[in-house]
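The values are calculated or read from the model by the stated rules, or taken from the named source; none is laboratory data. What you see is a predicted model; the values in this text were computed from it and never measured. Quick reminder, even Gly has a Cβ in these numbers, built from the backbone with ideal geometry, and neighbours come from all protein chains shown.
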Amino acid sequence: MPSFDIVSEVNQVEVKNAVDQCNKEITNRFDFKGSDARVEIQDQDKILTVFADDNFKLGQVRDVLTAKLAKRGVDVRALAPGTIEKTTGNTVKQPITVRVGVEQELAKKIVKLLKDSKLKAQASIQGDAVRVSGAKKDILQEVITLVKKSITDVPLQFKNFRD
């Protein structure tokens, strides 16, 4: 029975490289001279913390970071920005979570979407992935098309296709 997995993955090496490039550009830019603007990686590459002197510079650092990520092929929809926090003095920081894996809520939404579509395919939640199986490859291709059209706020990949 043909099957495939719906996953949401991010290349962590590219994220690290993009953060390094972002920090390098920030240290070389004239408008950031003398400021404490930087991006740090924490918790096994899952959380990026952006530091800056004020909200305006924080937005600029975020823009540089998203540009570097996009240039390296990392989908910026995988980023979930947190709330801006004040730190010592006038400086601010913002945690940005890199979403990896299909969250339970989204997985349930995908399973419900397939049930409501009346396609002859079954979906089951397997940890942080959704396994879809069907009788024919054509049905699975229709499922891929349906999921791509319906879910646009999170980057999804279709992997592990078995015939």
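For the range 115-158, the tally of residues that are part of a strand (DSSP E or B) and crowded, with 18+ Cβ neighbours inside 10 Å stands at 6.
Going by the structure shown, is Ile84 in contact with a Pro (Cβ under 8 Å, 6 or more places away or on another chain) and either without any contact (Cβ under 8 Å) to a residue 12 or more places away in the chain or closer than 30 Å to Asp36 by Cα (or both)? Outline the logic, then answer.
Working: in contact with a Pro (Cβ under 8 Å, 6 or more places away or on another chain): no; either without any contact (Cβ under 8 Å) to a residue 12 or more places away in the chain or closer than 30 Å to Asp36 by Cα (or both): yes.
Against the criterion (in contact with a Pro (Cβ under 8 Å, 6 or more places away or on another chain) and either without any contact (Cβ under 8 Å) to a residue 12 or more places away in the chain or closer than 30 Å to Asp36 by Cα (or both)), Ile84 does not qualify.
Restricting to the range 115-157, name every residue that is on the phi > 0 side of the Ramachandran plot and within 22 Å of the chain's Cα centre (by Cα).
The initial filter retains those residues of the range 115-157 that are on the phi > 0 side of the Ramachandran plot, namely 118, 127.
Scanning the range 115-157 gives a single hit, Gly127.
Being within 26 Å of Phe161 (Cβ to Cβ), assigned to a helix (DSSP H, G or I) and within 14 Å of the chain's Cα centre (by Cα) is true of Glu14.
This table checks each residue for (1) surrounded by 14 or more Cβ atoms within 10 Å (Cβ to Cβ); (2) part of a helix (DSSP H, G or I); (3) on the phi > 0 side of the Ramachandran plot.
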residue: Asp20; (1), (2), (3): no, yes, no
residue: Asn23; (1), (2), (3): yes, yes, no
residue: Asp31; (1), (2), (3): no, yes, no
residue: Gly34; (1), (2), (3): no, no, yes
residue: Glu40; (1), (2), (3): no, no, no
residue: Thr49; (1), (2), (3): yes, no, no
residue: Phe56; (1), (2), (3): no, yes, no
residue: Thr66; (1), (2), (3): yes, yes, no
residue: Leu113; (1), (2), (3): yes, yes, no
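Out of everything in the range 77-99 that is β-branched (Val, Ile, Thr) and modelled with pLDDT of 85 or more, what residue ends up being farthest from the chain's Cα centre (by Cα)?
Step one: list which residues in the range 77-99 are β-branched (Val, Ile, Thr), which gives 83-84, 87-88, 91-92, 96-98.
Those still in the list that are modelled with pLDDT of 85 or more too: 83-84, 91-92, 96-98.
Details: Thr83: 17, Ile84: 19, Thr91: 26, Val92: 23, Ile96: 10, Thr97: 8, Val98: 5 Å.
Of everything passing the filter in the range 77-99, Thr91 is farthest from the chain's Cα centre (by Cα).
Pairs are defined by a Cβ separation below 8 Å, a sequence spacing of at least 6 or placement on different chains, a first member in the range 102-127 that is under 16 Å from Ile144 (Cβ atoms), and a second member that is of a type in the set (Phe, Trp, Tyr); no pair meets this definition.
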